Amino acid sequence: MRLGIFSKTFHRPTLDGNLDAVMASGLDIIQFNLSCAGLPSLPDAVDMEMAVHIREACEKRHLHMAAVSGTFNMIHPDRQKLRNGVRRFRHLAAMCHAMGTSVITLCTGTRDPVNMWRTHPDNDTPEAWNDLLLTVREVVNIAEEFQLDLAIEPERANVVSDAVRCRQLLDTIASARLKVVLDAANLFRPEEEKPLADVLEQALSLVGEQVIIAHAKDYSTADGLKYVAAGTGELDYGAYLRLLQDYHFKGPLILHGLSENEVPKSAHYLRTRMAAVQRNVQ
């Protein structure tokens, strides 16, 4: 398990400036976003020249692109916006290998027409689920065409909101192209009394074999649930990392949900916890 970071944590006007900032942080694994190269996260057109430029810029700095973000609202109530999301997703997929990655990360979306990170009561309807299956089958076909893996992240406000729903999606689609991003903070439910370590163990028992990326942010309940930088909240990272180790997770642990000035403290915190888990294994 190696530590990485969302490239868009570092706000710079140019790709070179962004990647230099990643390098300066001491991290060498990124989950990339095309916004860091001055493009929309889902591009309006295939730009192979830019894709090659991004790969060469990463190689020059010995940065490994574990994945690129391809999130769009996969159950958007506006059919035209949904179709546009799929179209632009295909453009991103066409650029991936030239950029130096074979993984696109995704979230499943919400019926909220404005904010895909806001829950909606219609997310739990059979219609929303059926719409999701149609979209996922379409993007899986695109992934097959371009020889990519798609990593779905369960999100509290999305139609795939937990590991149970994620397992249901994996079983229904039944494609080796479909993988999982696990974020422990996303699985915390303040209304539930079950310890998060138990929730995580259940999640890994359900989807552990498909987890190829783990995310590292934290949560606080001091003033209502909010997400904070890793190591500054209430998440038991010792338990999280031990469970990832127990389930033989070999992928990157990607920092996100923090400001640039919080990176050194969170990176140090996670490296310390990761080293402690490794010592206990040995």
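Any residue in region 5-26 that is free of Cβ contacts under 8 Å to residues at least 24 places away in the same chain sitting within a Cβ distance under 9 Å of a residue that is of a type in the set (Phe, Trp, Tyr)? List the pairs, counting only those 6 or more apart or interchain.
Pairs that qualify, where the first residue is free of Cβ contacts under 8 Å to residues at least 24 places away in the same chain and the partner is of a type in the set (Phe, Trp, Tyr), are 17/10; 18/10; 24/10.
Might you let me know whether region 194-214 holds any residue that is of a type outside the set (S, T, N, Q), more than 19 Å from residue 161 (Cβ to Cβ) and open to solvent by less than 20 Å² (accessible area, probe 1.4 Å)?
no
Consider residue 157 carefully, then state whether it is closer than 20 Å to residue 220 by Cα, part of a helix (DSSP H, G or I), touching a residue at least 12 places away in the same chain (Cβ under 8 Å) and aliphatic (A, V, I, L, M).
Details: closer than 20 Å to residue 220 by Cα: yes; part of a helix (DSSP H, G or I): no; touching a residue at least 12 places away in the same chain (Cβ under 8 Å): yes; aliphatic (A, V, I, L, M): yes.
No; evaluated as a whole, the condition is false for this residue.
Quick one: would you say residue 90 is over 30 Å from residue 242 (Cβ atoms) and either open to solvent by less than 20 Å² (accessible area, probe 1.4 Å) or more than 19 Å from the chain's Cα centre (by Cα) (or both)?
Numbers: over 30 Å from residue 242 (Cβ atoms): yes; either open to solvent by less than 20 Å² (accessible area, probe 1.4 Å) or more than 19 Å from the chain's Cα centre (by Cα) (or both): no.
In short, no.
Can you find, within region 227-259, the residue that is farthest from residue 184 (Cα to Cα) among those that are surrounded by 13 or more Cβ atoms within 10 Å (Cβ to Cβ) and of a type in the set (D, E, K, R)? Break it down into steps so the answer makes sense when it comes.
Quick first cut of region 227-259, residues surrounded by 13 or more Cβ atoms within 10 Å (Cβ to Cβ) only: 227-247, 249, 251-258.
Among the residues that remain, those that are also of a type in the set (D, E, K, R) are: 234, 236, 242, 246.
Numbers: 234: 11, 236: 9, 242: 12, 246: 15 Å.
My answer is 246.
With respect to residue 266, is the statement that it is surrounded by 21 or more Cβ atoms within 10 Å (Cβ to Cβ), at pLDDT 95 or above and part of a helix (DSSP H, G or I) true?
Values: surrounded by 21 or more Cβ atoms within 10 Å (Cβ to Cβ): yes; at pLDDT 95 or above: yes; part of a helix (DSSP H, G or I): yes.
Criteria met by residue 266.
Restricting to region 217-247, what's the tally of residues that are under 18 Å from residue 5 (Cβ atoms) and in a helix (DSSP H, G or I)?
First pass over region 217-247, keeping only residues under 18 Å from residue 5 (Cβ atoms): 217-218, 227-233, 235, 237, 240-241, 244.
Still in the running and in a helix (DSSP H, G or I): 237, 240-241, 244.
Number of matching residues: 4.
From the list 198, 162, pick out the single residue that is of a type outside the set (Lys, Arg) and in contact with a Pro (Cβ under 8 Å, 6 or more places away or on another chain). Working first, answer last.
On the way: 198 fails: in contact with a Pro (Cβ under 8 Å, 6 or more places away or on another chain).
Checking each option against the conditions leaves just 162.
The values are calculated or read from the model by the stated rules, or taken from the named source; none is laboratory data. Predicted model, so just to flag it, every value in this text is computed and none were measured. Reconstructed Cβ throughout: ideal geometry from the backbone, glycine too, with neighbour counts over all protein chains shown. All accessible areas refer to the heavy atoms of the entire protein, side chains included, with ligands and DNA or RNA removed. Shrake-Rupley method; radii C 1.70, N 1.55, O 1.52, S 1.80 Å.
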